[in-house]
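The values are calculated or read from the model by the stated rules, or taken from the named source; none is laboratory data. Since this is a predicted model, take the numbers as computed values, not measurements. Cβ coordinates were reconstructed from backbone atoms using ideal geometry, including for glycine residues, and neighbour counts include every protein chain displayed. These accessible areas exclude ligands, DNA and RNA; they are computed on the full protein's heavy atoms, side chains included. Shrake-Rupley method; radii C 1.70, N 1.55, O 1.52, S 1.80 Å.
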Amino acid sequence: MTDLILLTDYRGALRQRQQTWQSLDTAAVREVLAAGGVQTRELRYEDTATLADLPSGTLIHYTSTQQPGYRTLVDDILYELSRRCTLVPRYEIFRAHEDKVYQELLRRRLELPGPRARVFGNLQGAMHRLEEGEFPLVYKAARGFQSSGVHLVRDKRQLRRLVSRLHRPRGYRTYRLKEFLKKHVLRGRYHREMYRDCPFAGAFVLQEFLPGCQGDWKVLVFGDRLYALRRRVRPGDFRASGSGRFSFDDPPARVLDFALDIRRRLD
């Protein structure tokens, strides 16, 4: 029999079912796998000492997490495991989960079709490289789902205001007060280079805006089965994600072919 490790979180859960707090039924998963000749055992991310002893080539199935703080531990462990074990899905798919910047980098490498987009790490980097003629653009924060962190920006001024608001660091007023005091009072302690870097840091994507778009398709692929959901934009909005305006229409064949092609390229 093939051996497989199910890697679960601190609660012994394989997140998620419909809601973030729901686990897949691990007993049912193991039963189905056993019927297919796959012997499984469960380990938790916190069992790092045990993970370090896993032989090279060990097959591991895991799921991601929606908790940013806990995700740091998951990321570190999965990266280390990926150096000697076989992760299902592979590590870069985990990296792409809820990370629109890495999704864009992965899309380019795999030559997946899609709207043109550029990635930035702070406001200063974007302002120096964008021209007014490129607008309007869709701003997408690196993290977030259900259209959170997605905005339409029509010019550089609007982009500056948005990023300054969304990426303002904790203690920003204290930061500016220290700069003022060192520059005008404690002049011997002021070094301009200390304050040249843009404080409004945080990765984001600026994507080509598609005017007149009325919605999109979300397609889930399980083996050779496809499940399609049509999502329409909200009135007066441009975002289909998170709109709640769903319909189970019959998708065009080209939508299903496209989804299968993406699945094949992602492997």
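What number of residues within the range 233-247 are over 28 Å from GLU92 (Cβ atoms) and under 22 Å from the mean Cα position of the chain (by Cα)? Talk me through it step by step, then tell me what you get.
Pass one, the range 233-247, residues over 28 Å from GLU92 (Cβ atoms): 233-238, 243-247.
Then keep just the ones that are under 22 Å from the mean Cα position of the chain (by Cα); that gives 233, 238, 243-244.
Qualifying residue count for the region: 4.
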_Only one of VAL255, VAL205 is in contact with a strand residue (DSSP E or B) (Cβ under 8 Å, 6 or more places away or on another chain) and more than 30 Å from PRO169 (Cα to Cα). Can you tell me which?_
VAL255
_the range 73-102 residues that are in contact (Cβ under 8 Å) with a residue 24 or more places away in the chain and farther than 20 Å from ALA141 by Cβ, paired with ones that are open to solvent by less than 40 Å² (accessible area, probe 1.4 Å) and part of a helix (DSSP H, G or I) (beta carbon under 7 Å, 6 or more apart)_ = ILE77/LEU51; LEU81/LEU51; LEU87/LEU78; LEU87/LEU81
*Mind checking which residues of the range 246-267 are at pLDDT 90 or above, in a loop (DSSP other than H, G, I, E, B) and surrounded by 10 or more Cβ atoms within 10 Å (Cβ to Cβ)?*
PRO251, PRO252
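So if I check each of ASP155, ASP250, ASP267, which one is under 30 Å from GLN18 (Cα atoms) and more than 23 Å from the chain's Cα centre (by Cα)?
Numbers: ASP155 fails: under 30 Å from GLN18 (Cα atoms); ASP267 fails: more than 23 Å from the chain's Cα centre (by Cα).
The match here is ASP250.
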_helices (runs of 4 or more DSSP H) lying entirely in the range 58-153 (those with 2 or more residues that are modelled with pLDDT of 90 or more and open to solvent by less than 20 Å² (accessible area, probe 1.4 Å))_ = 68-82, 91-96, 100-109
*Identify, by number, the condition in (1) without any contact (Cβ under 8 Å) to a residue 40 or more places away in the chain; (2) open to solvent by less than 100 Å² (accessible area, probe 1.4 Å); (3) over 27 Å from GLY125 (Cα atoms); (4) part of a loop (DSSP other than H, G, I, E, B) that PRO169 doesn't meet.*
(3)
*Restricting the range 211-245 to residues that are more than 18 Å from VAL138 (Cα to Cα) and assigned to a loop (DSSP other than H, G, I, E, B), the residue that is modelled with the lowest pLDDT*: GLY244
*asked:* Please go through the range 193-202 and give me each residue that is at pLDDT below 70 and either farther than 17 Å from THR174 by Cα or exposed (fewer than 11 other Cβ atoms within 10 Å of the Cβ) (or both), ordered by number.
replied: GLU193, ARG196, ASP197
*asked:* With the requirement that a residue be within 23 Å of the chain's Cα centre (by Cα) and within 28 Å of PHE135 (Cα to Cα), what does the range 214-229 give you?
replied: GLY215, ASP216, TRP217, LYS218
*Just for the range 12-39: of the residues that are under 23 Å from ASP75 (Cα atoms), assigned to a loop (DSSP other than H, G, I, E, B) and among the small types (Gly, Ala, Ser), which one is nearest to the chain's Cα centre (by Cα)?*
ALA13
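Going by the conditions given, is GLU104 among the charged types (D, E, K, R) and either more than 16 Å from the chain's Cα centre (by Cα) or more than 26 Å from ALA240 (Cβ to Cβ) (or both)? Quick ask: steps written out before the conclusion?
Working: among the charged types (D, E, K, R): yes; either more than 16 Å from the chain's Cα centre (by Cα) or more than 26 Å from ALA240 (Cβ to Cβ) (or both): no.
So GLU104 does not fit the description; no.
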*Complete set of residues in the range 40-57 that are assigned to a loop (DSSP other than H, G, I, E, B), on the phi < 0 side of the Ramachandran plot and not aromatic (Phe, Trp, Tyr)*: GLU46, ASP47, ASP53, LEU54, PRO55, SER56
